[in-house]
Amino acid sequence: MRDKFLTVTEVAKRWGCNRDLVLSWIHSGELPAMNFSRGDMQPRFKMCPDAIARFEKTRMENQSNAVATPKQPPSRFFPQR
């Protein structure tokens, strides 16, 4: 069975985000996509399932490698001497 290319809208629904965020990842080069528009038409980006899986894996790895840094508590909790 041949994998189906997904549209920006389908990917946004899959990830629970808006289309603009998906488009920003495409324009930044983080999410590989192909433009299926013809001529001077507005871009019609589509992504292959493999590219989506690699993007998801990379994002998950980046999240798990992120180190939480504690916030500096407000100075009012530490009296000045």
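The values are calculated or read from the model by the stated rules, or taken from the named source; none is laboratory data. On a predicted model such as this, the values are computed, not experimentally measured, just so you know. Every residue, glycine as well, gets a Cβ built from its backbone with ideal geometry; the counts of neighbours run over all protein chains shown.
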Any helices (runs of 4 or more DSSP H) falling wholly within the range 1-66 and containing at least 2 residues that are in contact (Cβ under 8 Å) with a residue 40 or more places away in the chain: 49-65
ALA68 vs. criteria at pLDDT 95 or above and either on the phi < 0 side of the Ramachandran plot or under 18 Å from the mean Cα position of the chain (by Cα) (or both): no
